[in-house]
Amino acid sequence: MNLVYNSDSYVVVQISLDGEDAAPVAAGASAESVEPRGGYEIVDKFGRRGIYLAGPLAEQFREGVQALARDREPSVEEIDAYIAGYTALAQQPLGLH
């Protein structure tokens, strides 16, 4: 688990499942041909809900963040606006433990 972003509005954690937790490589397949498992957990602090992105959606999220930062360092407002597009999909309410 790796905290990749934390603002007043959102927290983004990258979750990487590798090593012993990774799916075994199929016979004859190289390790490079197997997609890494894991994704991103996004928590909307004000909306008190979260979403987990995996697979193609996680890849799209990562590419979008990279595009934001390609030419310059984006502002917190720009990053939060990008993340808001994904938290609109969030249906899982947060619970306090």
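The values are calculated or read from the model by the stated rules, or taken from the named source; none is laboratory data. A quick note: this is a predicted structure, and the numbers were derived from the prediction, not measured. Counting neighbours? That spans all protein chains shown, and the Cβs are built from the backbone with ideal geometry, glycine included.
Results, tabulated for the structure shown:
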| item | result |
| --- | --- |
| Top-ranked residue in region 40-97 [being of a type in the set (Phe, Trp, Tyr), under 13 Å from Ser9 (Cβ atoms) and touching a residue at least 24 places away in the same chain (Cβ under 8 Å); ranked as surrounded by the most Cβ atoms within 10 Å (Cβ to Cβ)] | Tyr86 |
| Qualifying residue in region 12-35 (condition: closer than 23 Å to Gln91 by Cα, over 15 Å from the mean Cα position of the chain (by Cα) and either at pLDDT below 90 or surrounded by 10 or more Cβ atoms within 10 Å (Cβ to Cβ) (or both)) | no |
